[in-house]
Amino acid sequence: MSKKLGIYVHIPFCASKCAYCDFYSLAECDRLMPRYHNALLQHVREAAPQLQARYTDSVYFGGGTPSYYGARRICDVFNALKRAGLIYKTAEVTMEANPDSIRYHDLLLLRSEGVNRLSLGAQSANDDILKLIGRRHSWRQVVSAVKRARDAGFDNVSLDLIYGLPSQQREDWADTLGKALELEPDHLSCYGLKLEEGTPIYAYKDSAILPTDDEQADMYLYTVETLDRYGYHQYEISNFAKKGKECRHNLKYWLLQDYMGFGPAAASSVGDMRYTYVSDLKAYISGVQNGKNILAEQERLDLLGRAAEYLMLGLRTVRGISEKEYHNLYRSDFLPLRELLEEFRHKGWAVNEGDRWHFTPSGFLLSNLLIGLLLEKQGEYKLSGNPWVDSMDLFTERAELPEGDEVFYH
């Protein structure tokens, strides 16, 4: 059982909804912020026994728009986590922010309380495209936000960018990428636009205003090549970082490490347990305050499920998967998977380096399809001859503090 834990806190409030956003978030619900804040603090206090069973080395405030929620409230929650659990002073503590809702004095406060990583939702350097997709900021505000963050002492700043947006051509994307590089961020997340039903931007489905799949693929390959040339190594399908600046919290998701979530729609993965809270702000508040059930889903993964996770998440990363790891963790024959991976290698979709396999940039473009084929192959051979794991008490083991590391004392 892992001795370390990541914590995710979902802040579901936004000033307005972006046209492409499918995350659980709410606009024009500021009146519920005080009630939510009280419920969130209560939930953290009640989770103290679970939090103290691990040492937390990453905290992530996501949304929604945490910067819109307010720096003081974010610090309140972070301090509650310090009191309830055991958090390394060296922990990576990230807050997502929009350029239009973060102020210098907020950044100073956050930095003084231990928040040390900022993830800015920049999306595009084209102001017309920003308006089209419902963003409230301009590129000039992105530039100012990065400067303020540096002045406030943040030495780990990430920018989120989106390619494949309406009316965007490769030249537009190249301009956005170039202007982002001028800001010298430590980390870049570059996502291809995904049309989700129920979002305003879904109306553009099959429209000529959207780049074609081939055009979006060309933007992606251009991104990988360009960022590598500027010293940002790719470590996951959509994520690029300077050396040592990989997002440690997000790596927990892809490396099957433990994390706990707080807030509506927040997910958790501890040992073999997976659970998600209700995607309903009022139901979450009421449930916490009145001791009612706030779970939307809960399951305990069997060995086959863990093996599937290992493939699905590991192959999102450049680190990839290992035949030895697969066999040691899941006691299953890797040969059927190796045969299929060899086929991918011959097509230029995968690379074998020693004991490890990972996709190439061309393979990442087809990753959903390729991973699906591997899971089908896995299912043919894994269902027989594998013992089911016993039920596990999630929080009985008390971790030892590694020598030389410190926690926030309380």
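Assorted remarks:
- For the chain, the cysteines with no partner cysteine C-beta closer than 4.7 Å are CYS14, CYS29, CYS75, CYS190, CYS247.
- With 10 Å bins beginning at zero, the pair-distance distribution over Cα atoms of the range 303-382 amounts to 20, 61, 19, 0 %.
- For the chain, a Gaussian network of Cα nodes joined below 10 Å ranks GLY261, GLY354, GLY287 by mean-square fluctuation, and the top entry is GLY354.
- Average silhouette area of the range 143-205, convex hull of alpha-carbon atoms, in square nanometres: 5.2 nm²
- Once you reduce the range 249-294 and the range 149-227 to the center of their Cα atoms, the two points are 29 Å from each other.
- Cross-link partners of LYS252 among aspartates and glutamates (Cα-Cα below 13 Å; sequence separation of 8 or more within a chain): ASP57, GLU92, GLU236, GLU309
- In the range 133-246, Rg over Rh equals 0.98, where Rg is the alpha-carbon radius of gyration and Rh the Kirkwood radius from pairwise Cα distances.
- Gyration tensor (alpha-carbon) shape descriptor, the range 189-340, a/c threshold 1.5: oblate
- Taking N as its residue count, the alpha carbon Rg of the chain over 2.2 N^0.38 Å: 1.00
- Cβ crowding within 10 Å, taken as a proxy for footprinting-reagent exposure, orders PHE344, PHE240 from fewest neighbours to most as PHE344, PHE240.
- Exposed loop sites here mean GluC sites (Glu not before Pro) with a DSSP loop assignment and at most 13 other beta-carbon atoms within 10 Å; the chain contains its longest site-free run at 198-399.
- Which listed pairs, of LYS89/LYS282; LYS4/LYS242; LYS147/LYS179; LYS17/LYS242; LYS179/LYS242; LYS324/LYS347, have C-alpha distances above 22 Å, in listed order: LYS89/LYS282; LYS4/LYS242; LYS17/LYS242; LYS324/LYS347
- Share of alpha-carbon pairs per 10 Å distance bin for the range 267-318, given as whole %: 23, 36, 25, 15, 1
Taken together, the values in this text are just the output of simple stated rules run on the coordinates, not laboratory data. Remember, it's a predicted structure, so these values are computed and weren't measured experimentally. Quick reminder, even Gly has a Cβ in these numbers, built from the backbone with ideal geometry, and neighbours come from all protein chains shown.
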